[in-house]
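**Student:** Sharing a structure below in structure tokens format, with a few things to ask.
Bear in mind that the values in this text are calculations on the coordinates, not laboratory data. Computed from a predicted structure; not experimentally measured. Note: ideal-geometry Cβ built from the backbone for every residue, glycine included; neighbour counts use all protein chains shown.
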Amino acid sequence: MTFKTKFSEKEIVEGCLRDERLFQKMLYDKYKNGMYTVVFRIIRNENLSCDALQEGFILVYQNLKSYRFESSLGSWIKTIMIRSALKTLKNEIQYNELDSSEVNIPVTWDENLTGETLDKAISMLSPGYRTVFLLIEVEGYSHKEVAKMLNISEGTSKSQLSRSKGLLQNQLKEMVS
């Protein structure tokens, strides 16, 4: 093997499929920080996040042969990491069905809101509310996709999102005041 300083995603994937440790390390090094952030946002526990990240990368390596280059490698890995984080949280998450009148309550945010303040407020949400909020508002999944991932109804996903926004709004008012 000739050594280059920069490899394409395809070359890295092909190297991983040949079980070459150098390419497996390249893949891990390229994505570990971003994927840890995704996992930690959902779990909010350092040790559990590390476990979910490790399990996620094991799944990435085991399933790399099914990657078809139809989306970016990072997107494909992110999907696996989100599922790994959700599996880790499975026993902690509780979803509450809310009255449909609570689903479309308008939410307003303070114009001086910082990302740090919002992140702190999100971290204070219960795991169920936080997970739905992050998957829909941060990761961009639809209610249908979230319902399928979490094995809940679309209505529950919508009500969890609405309730999480209301809780965030109240929390942010207290934090900014």
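**Student:** Along its principal axes, what span do the Cα atoms of the range 133-177 show, with the longest given first and each in whole Å?
**Tutor:** Answer, in whole Å and largest first: 38, 18, 11 Å.
**Student:** Separate question: Residue by residue through the range 58-72, which ³J(HN,Hα) values in whole Hz follow from phi under the Karplus form 6.51 cos²θ - 1.76 cosθ + 1.60 (θ = phi - 60°), with glycine and proline marked x?
**Tutor:** 4, 5, 4, 5, 5, 10, 4, 5, 8, 5, 10, 6, 7, 10, 5
**Student:** So which of Lys30/Lys87; Lys32/Lys165; Lys32/Lys148; Lys6/Lys30; Lys120/Lys165 end up more than 22 Å apart, counting from Cα to Cα?
**Tutor:** Listed pairs above 22 Å: Lys30/Lys87; Lys32/Lys165; Lys32/Lys148.
**Student:** Checking the a/c ratio against 1.5 first, then a/b against b/c, what shape does the Cα gyration tensor give for the range 34-76?
**Tutor:** oblate
**Student:** Can you give the Rg/Rh ratio of the range 9-89, where Rg is from the C-alpha atoms and Rh is the Kirkwood radius?
**Tutor:** Ratio of gyration radius to Kirkwood radius: 0.97.
**Student:** If you project the alpha carbons of the range 1-55 onto their three principal axes, what span does each projection cover, largest first, in Å?
**Tutor:** So the extents along the principal axes, rounded to whole Å, are 42, 18, 14.
**Student:** Rank these for me by crowding, Met35, Met175, going from fewest to most other beta carbons within 10 Å.
**Tutor:** Going from sparsest to densest Cβ surroundings: Met175, Met35.
**Student:** For Val138 and Ser153 in one chain, what is 0.36 nm times their gap in residues minus the Cα-Cα distance, to one decimal in nm?
**Tutor:** 3.4 nm
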